[in-house]
1. May I ask you to derive the FRET efficiency for Ser65 and Val44 from their Cβ-Cβ distance with R0 = 25 Å, giving the value to the nearest 0.05?
2. Please give, to one decimal in nm, the separation of the simple spin-label points placed at Arg72 and Tyr90, each 7 Å out from Cα toward the Cβ.
3. Taking R0 as 35 Å, what's the FRET efficiency between Gln55 and Leu35 from their Cβ-Cβ distance, rounded to 0.05?
4. What lysines sit close enough to Lys66 to cross-link, taking a C-alpha to C-alpha distance under 26 Å and skipping anything fewer than 8 places away on the same chain?
Amino acid sequence: MPAFLRAFFAGTGIMPAFRTRYNRIMATEDTGISLAWFLVGAAVGATVALLYAPQSGKETRRFISKKTEKGRDAIADSSKDVLDRGRELYERGREFADEAAELFDRGKKAVRG
């Protein structure tokens with residue numbers, strides 16, 4: 001959590017709720033990034049395995065063609081899920097920003113008295 005936020009909310013009693021929400025959102029984003037890198041690694045590994053396959057060129061091309069078609073279909077299906085997840089994260093981020101603005105206003109009022 002950024003130091004300026006810790007300093008701003010220190011002593012207001014608002015910080016624990018804000019920190020919990022902030023940490024939950026950050027953990028979700030880290031999971032998404034890790035999953036993306038895992039999928040990239042799996043694709044690279046599959047490509048290398050195909051290039052070193054002990055099959056004839058024609059069989060390998062046919063196999064690559066079938067796998068590419070299946071992959072294209074899988075990407076089309078998962079892209080809908082990714083889009084929905086993106087919308088969900090956008091809404092959660094928006095809610096988080098609204099809550100932060102509200103906490104900021106409450107903190108400002110608490111400081112002013």
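Quick note: the coordinates plus some simple rules give every number you see, no bench work behind them. Source: prediction; values computed, not measured. Virtual Cβ from ideal backbone geometry, glycine too; neighbours counted across all protein chains shown.
1. Numbers: r = 19 Å, r/R0 = 0.77.
FRET efficiency, Ser65 to Val44: 0.85.
2. 2.8
3. Values: r = 31 Å, r/R0 = 0.89.
With R0 = 35 Å, the Cβ-Cβ based efficiency is 0.65.
4. Lys58, Lys80
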